[in-house]
Amino acid sequence: MEEATTSRFSATTLRAYIMIAVLGLIWAYFHWATDSIFLTPRNLSNLMTQMSVTAILAVGMLMVIVSGNIDLSVGSVLGFAGGLAAYSITIWEYGLPTAIIAAIAVGVIIGVFHGVLTAYLNIPAFIVTLGGLLAWRGAVKWQLGGNTVPVSNDTFKAIGNENVPETIGWALAAVAIAFVLFMAYRKAKSVKDYGLGEANYTGELLKAVIPIGGIVAFILVMNSYQGVPIPVLILVAVALIGAFVTNSTTFGRYLYAIGGNADAARLSGINNKANILKVYALLGALTGVAALIFTARVGSAAPDAGVLKELDAIAACVIGGASLMGGRGTIFGACLGALIMASLDNGMSLLNVRDFMQDIIKGSILVAAVGLDMMGRKQT
């Protein structure tokens, strides 16, 4: 068992390093091709803000995919939840807290609805969420009457556009570093607790050097422009919570077990239906959060808001190493995949690449990523 665990960890780590190297090459090329514009603090700040919505969706989507399911409706749900928030503030004149609660609550309700249909009525998730993609898009058009609803509340718009002061950025960096160190200690301790060997605290701390260095570099770059964008802070919080849930909770382990072999998980005493319902509800909540950021950043709600966001989220998960068959994938990989997709969008936009060519390139990269993954699985 220890050998299998080590082998899986090594494969996951190797893939992460390869993805980081690919991201570095993409950044280097675009920086050269755009006459040293791409890697400026201003553009990197914009890039991080752009990726935040997709990455938050990808965190929730990763958990659903790991459980062996899929959700094609998150783009439409994002549009519906964002429209509800904008409607609450602009038309109904409710306060900001009500709008935030409404957006997240409607996401959870829709997620529970999809989860019930999938888990308890045994309707395939692909069909349920494909129907949801169409139905909730129709609901957005009905809700907004086919019109764009602007949002004038400056506090609401700050969620998607403002930055935090430098001191707050460094304080949050200290919290993040403490979290990384805690997780490294916990991981080393768990090896001994489960009887898999001696706790290697030094080794885990050395592995933590890279993420800690990344945190410090990130804060330095963001503070060089205007500070860390609020959407990015929300993303970091969501990603850390997602990583904790998938790696350090019983619920997270159940998701991997269900996705790896649903029958074996059920026979071992896992309540597959309840856990699938929970993960869809969780994705719905994160979709509500993403809807708030998206609507605040744009400053309005529109009938076409969130179109194709579900495909961006799925692509980020797949590029990040998730298997569409379930049972495999990491939050870090999904976020890294979202960053790669956003980097391609940002770089090609700076180079004025035509829209149709951008779609062709991103589609080809997605297919290539899945193809390489399948080749690797056959070899192992």
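The values are calculated or read from the model by the stated rules, or taken from the named source; none is laboratory data. As the structure is a prediction and not an experimental result, all values here were calculated from the model. Counting neighbours? That spans all protein chains shown, and the Cβs are built from the backbone with ideal geometry, glycine included.
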Of the conditions (1) of a type in the set (S, T, Y); (2) within 18 Å of A369 (Cβ to Cβ); (3) buried (at least 24 other Cβ atoms within 10 Å of the Cβ), Y280 fails just one. Which one is it? (2)
Matching residues in segment 208-226 (aliphatic (A, V, I, L, M) and free of Cβ contacts under 8 Å to residues at least 40 places away in the same chain) number 6
Testing L39 on (1) surrounded by fewer than 22 Cβ atoms within 10 Å (Cβ to Cβ); (2) in a helix (DSSP H, G or I), one condition comes back false. Which one is that? (2)
Being within 16 Å of D312 (Cβ to Cβ), surrounded by fewer than 24 Cβ atoms within 10 Å (Cβ to Cβ) and either touching a helix residue (DSSP H, G or I) at 6+ places or on another chain (Cβ under 7 Å) or among the small types (G, A, S) (or both) narrows I56, I70, I26, I65 down to just I70
Which condition breaks for G68 when tested against (1) closer than 21 Å to G131 by Cβ; (2) in a helix (DSSP H, G or I)? (2)
Matching residues, segment 308-321, being more than 16 Å from L72 (Cα to Cα) and among the aliphatic types (A, V, I, L, M): I319
Failed item, numbered, when S45 is tested on (1) touching a Phe, Trp or Tyr at 6+ places or on another chain (Cβ under 7 Å); (2) surrounded by fewer than 20 Cβ atoms within 10 Å (Cβ to Cβ); (3) more than 30 Å from M325 (Cβ to Cβ): (2)
Checking P303 against (1) free of Cβ contacts under 8 Å to residues at least 12 places away in the same chain; (2) under 30 Å from L144 (Cα atoms); (3) of a type outside the set (S, T, N, Q), which single condition isn't satisfied? (1)
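Any chance segment 238-251 includes a residue that's of a type in the set (F, W, Y) and within 30 Å of V112 (Cβ to Cβ)? Please lay out each step first, then the result.
In the first step, residues of segment 238-251 are kept if they are of a type in the set (F, W, Y); the result is 244, 251.
Keeping just the survivors that are within 30 Å of V112 (Cβ to Cβ) gives 244, 251.
So far as segment 238-251 goes, yes, one or more of its residues are of a type in the set (F, W, Y) and within 30 Å of V112 (Cβ to Cβ).
Can you tell me which residue among A305, A315, A274, A322 is more than 28 Å from A99 (Cβ to Cβ), not in a helix (DSSP H, G or I) and not hydroxyl-bearing (S, T, Y)? So that I can check it myself, show each step before the final result.
Numbers: A305 fails: more than 28 Å from A99 (Cβ to Cβ); A315 fails: not in a helix (DSSP H, G or I); A274 fails: not in a helix (DSSP H, G or I).
Only one candidate passes the filter, namely A322.
Matching residues to (1) surrounded by 17 or more Cβ atoms within 10 Å (Cβ to Cβ); (2) at pLDDT 90 or above; (3) under 28 Å from L134 (Cα atoms); (4) basic (K, R):
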residue	(1), (2), (3), (4)
S343	yes, yes, no, no
D355	no, no, yes, no
K362	yes, no, yes, yes
V367	no, no, yes, no
R377	no, no, no, yes
Meets criteria (aromatic (F, W, Y) and over 30 Å from G95 (Cβ atoms)) for W142: no
In segment 226-235, how many are modelled with pLDDT under 90 and surrounded by 18 or more Cβ atoms within 10 Å (Cβ to Cβ)? 1
